[in-house]
Amino acid sequence: MDRSILLGPLLLRPLLLGPALIRPPLIRPPPARSHFRGGGFAPVAHRWIGAAVFVLLIALAEIGTRQGWITSLTLPRPSDVLETFGELYSSGLLWTHLSVSLMRLLVGAALGASFGVAVGVMIGLFSYVRAGLVPLTAALFPIPKIALLPLFVIWFGIDEGSKYALIAFGTFTPTVVATYGAVDNVDRSLIRMGQSFNLSWFSIVRKIVLPGAMPGILSGLRISLAIAIILLVAAEMLGAEHGIGAYILEAGSLYDLERLFAGVAILSLLGVGMSAVISLIERRLLNWRQ
Amino acid sequence: MDIRLSGVSHSYDDFEVLRDISLEIPSGRIVCIVGPSGCGKSTLLRFIGGLEQPSKGEVLQIGSPPADCLNPLTYIFQDFALLPWRSVRGNVSLVLEDHGIRGARAEAIITDVLTRTKLSDFANALPKQLSGGMKQRVAIARALAVNPAVMLMDEPLSALDSQTRELLMDDLISLWTRTPFTAVYVTHNLAEAVRLGHSIVVMSRRPGEIREVVHLDKPLDQRQYGDSDLEEQQKYLWQLMREEARAADAELVHV
Ligand SMILES: Nc1ncnc2c1ncn2[C@@H]1O[C@H](COP(=O)(O)OP(=O)(O)OP(=O)(O)O)[C@@H](O)[C@H]1O
Ligand SMILES: [Mg+2]
């Protein structure tokens, strides 16, 4: 190889101008491994890190409250919360609260999500429905549904009916928006393929549009269900004898931090559980994705 | 079943795409359509398949399709258009289900077309597991399953690398040699046109008109990669297209 190229033009120019007798010294940089710069930006599963963060935070709170640099007014001791939780469990109250809450969540979210998916699919498929309902959904979406609870109480009664309605209504709007977005995003070329093979309209919807929209619908459900849990607690705080929301409210008004945190932990677990169920469904239904 | 286009013209609003296309697609032959980008080849194919209607002229079917033909005009798409959530077998059975063909009858058809396209070992694979060439063979198998009278192929090999393309051309030729099918084959690639076409329709730039129809008499199974007479034909086609392609290319810049 030509040595002057390695030395570069800056070195070269004065040398060329200078006396021709002075030859540049032979300097070759040692071979270096080419720099890797293609990493990152790809999600990699690190299961244990999530758990480790939880454990670390809880351990910190435990040590802090034991050693006194976190006062018991600021944060309850995690071991005390666990003890409270144990009492709740052994007294059978846990199940009393959890069962009514789960029932409300299940009925409300199932109603809201199934109506939401149905309406979303209709909006995606029929332009008249879209023209009529998209503005309405946009108008309903930003309403804090809690504000409507008194109305629901009048319409559906003070008991379970109003709570079901609140949760259903709250899950309905985000599900609609996610669903028609997902239907819009179904690969048009697949629909064209279905038409070119003379598949019936119903077959195209059932075999191409719905499976194609499934990823979007499921990720919408993730959000809707989290909203359902929030509304569940809100409804129970506003008027219920049992339920996790009522339990938390009671603990809060007595300034019983251990019980408050036990209740909050149950909610978190509920959220994690819901998310896990959706992940499971995704893994079963969407294994065809790249 | 033959297809005849008579005086087909089309405009999208004020945008003239096709002008007075008259063409005969005889049964059992492969007609290739070549032309510069944007000259309306895909549009023409949509008219033939009945996915769109021309603003003037008509597309006629002469004679009736064979009795066991489920979908007379069947497309093969450039992007394969396979359902990613269905296996190879499921993708083929998709087009049979709507005709009430299930169970043993469907199984017989599926086995037959998968054997013909050399996919028997991959019946249960999902599209994401297949290479591009295999995906297009699945799409061909799916098209064969409905026993089409005419296959409408829009740049079916354009998404594939050149080696895979050669292999698939060989596959298409051996499929045709065993049971001749009718096809309209749109392509950019003149080498594909001279390998597969019984006649080659050369179109002008937009608005697309027929410049010339070249007939090739050499039987398909005697055409080989790099045959000198085919190369001659290819050169001739390129002579015809060169100026059009250049002009079409320049046109896009002005838009
Ligand atoms: N639905 C449509 N509405 C308006 N213009 C269209 C429509 N479809 C196609 N065109 C226009 O018509 C012209 C011909 O399109 P077409 O897709 O048929 O060309 P083509 O010959 O297949 O091109 P290519 O070789 O790039 O595939 C293009 O300029 C395109 O922009
Ligand atoms: Mg095209």
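What the table below lists for this structure:
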| item | result |
| --- | --- |
| Residue in the range A:240-254 that is assigned to a helix (DSSP H, G or I), within 27 Å of the chain's Cα centre (by Cα) and closer than 18 Å to A:Ser114 by Cβ present | no |
| Extreme residue, farthest from the chain's Cα centre (by Cα), among residues of the range A:56-78 that are small (Gly, Ala, Ser) and at pLDDT 90 or above | A:Gly64 |
| Every residue from the range A:120-145 that is open to solvent by 70 Å² or more (accessible area, probe 1.4 Å) and of a type outside the set (Gly, Ala, Ser) | A:Met122, A:Phe126, A:Tyr128, A:Arg130, A:Pro135, A:Leu136, A:Phe141, A:Pro142, A:Pro144 |
| Count of the range B:11-44 residues which are closer than 12 Å to B:Gly208 by Cβ and within 14 Å of ligand 2 (Cβ to nearest atom) | 14 |
| Residue among B:Leu114, B:Leu82 that alone is away from ligand 1 (no atom under 16 Å from the Cβ) and under 23 Å from A:Leu210 (Cα atoms) | B:Leu82 |
| Any chance A:Val205 is within 14 Å of chain B (Cβ to nearest Cβ) and surrounded by fewer than 21 Cβ atoms within 10 Å (Cβ to Cβ) | yes |
| Conditions (1) out of contact with any helix residue (DSSP H, G or I) (no Cβ under 9 Å at 6 or more places or on another chain); (2) at pLDDT 85 or above; (3) over 30 Å from A:Glu258 (Cα atoms); number of the one not met by A:Arg28 | (1) |
| Residue match in the range B:214-231 (condition: aromatic (Phe, Trp, Tyr), without any contact (Cβ under 8 Å) to a residue 60 or more places away in the chain, open to solvent by 20 Å² or more (accessible area, probe 1.4 Å) and touching a Leu at 6+ places or on another chain (Cβ under 9 Å)) | no |
| Every pair of residues 6+ apart whose Cβ atoms lie under 6 Å, when the first sits in the range B:163-179 and is within 18 Å of B:Leu152 (Cα to Cα) while the second is at pLDDT 90 or above and not in a helix (DSSP H, G or I) | B:Arg165/B:Leu157; B:Leu168/B:Leu157 |
| Single condition B:Ser120 does not satisfy, out of (1) touching a Leu at 6+ places or on another chain (Cβ under 6 Å); (2) touching a residue at least 12 places away in the same chain (Cβ under 8 Å); (3) more than 13 Å from chain A (Cβ to nearest Cβ); (4) open to solvent by 10 Å² or more (accessible area, probe 1.4 Å) | (2) |
| Candidate set from the range B:130-162 (those that are surrounded by fewer than 17 Cβ atoms within 10 Å (Cβ to Cβ) and within 16 Å of ligand 1 (Cβ to nearest atom)); member that is farthest from the other protein chains (Cβ to nearest Cβ) | B:Ser158 |
| Residues of the range B:1-53 that turn out to be open to solvent by 60 Å² or more (accessible area, probe 1.4 Å), of a type in the set (Asp, Glu) and either in a helix (DSSP H, G or I) or away from ligand 1 (no atom under 15 Å from the Cβ) (or both), as a count | 2 |
| Of all residues in the range A:129-159 being touching a Ser or Thr at 6+ places or on another chain (Cβ under 7 Å) and hydrophobic (A, V, I, L, M, F, W, C), the one that is farthest from A:Gly116 (Cα to Cα) | A:Val153 |
| Residue within the range B:60-72 that is in contact with a His (Cβ under 7 Å, 6 or more places away or on another chain), within 11 Å of another protein chain (Cβ to nearest Cβ) and either touching a residue at least 60 places away in the same chain (Cβ under 8 Å) or surrounded by fewer than 18 Cβ atoms within 10 Å (Cβ to Cβ) (or both) present | yes |
| Residue match in the range A:271-280 (condition: hydroxyl-bearing (Ser, Thr, Tyr), at pLDDT 90 or above and open to solvent by 40 Å² or more (accessible area, probe 1.4 Å)) | no |
| Selection within the range B:73-93 - assigned to a strand (DSSP E or B) and at the interface with chain A (Cβ under 9 Å from one of its Cβ atoms) | B:Leu73, B:Thr74, B:Tyr75 |
| Filter result for B:Ile101 (out of contact with any Asp or Glu (no Cβ under 7 Å at 6 or more places or on another chain), open to solvent by less than 10 Å² (accessible area, probe 1.4 Å), away from ligand 1 (no atom under 16 Å from the Cβ) and more than 10 Å from every other protein chain (Cβ to nearest Cβ)) | yes |
| Counted residues, the range A:63-82 - those being more than 21 Å from A:Ala251 (Cα to Cα) and either in a helix (DSSP H, G or I) or acidic (Asp, Glu) (or both) | 4 |
| B:Arg165 being over 17 Å from the mean Cα position of the chain (by Cα) and open to solvent by 20 Å² or more (accessible area, probe 1.4 Å) | no |
| The range A:271-290 - residue that is assigned to a helix (DSSP H, G or I) and in contact (Cβ under 8 Å) with a residue 60 or more places away in the chain and, of those, farthest from the chain's Cα centre (by Cα) | A:Leu285 |
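The values are calculated or read from the model by the stated rules, or taken from the named source; none is laboratory data. These numbers come from a predicted model, not from an experiment. Please note: Cβ atoms are built from the backbone with ideal geometry, for glycine as well, and neighbour counts cover all protein chains shown. When the accessible area is computed, the model is the full protein with side chains, heavy atoms only, and any ligands, DNA or RNA have been set aside. Shrake-Rupley method; radii C 1.70, N 1.55, O 1.52, S 1.80 Å.
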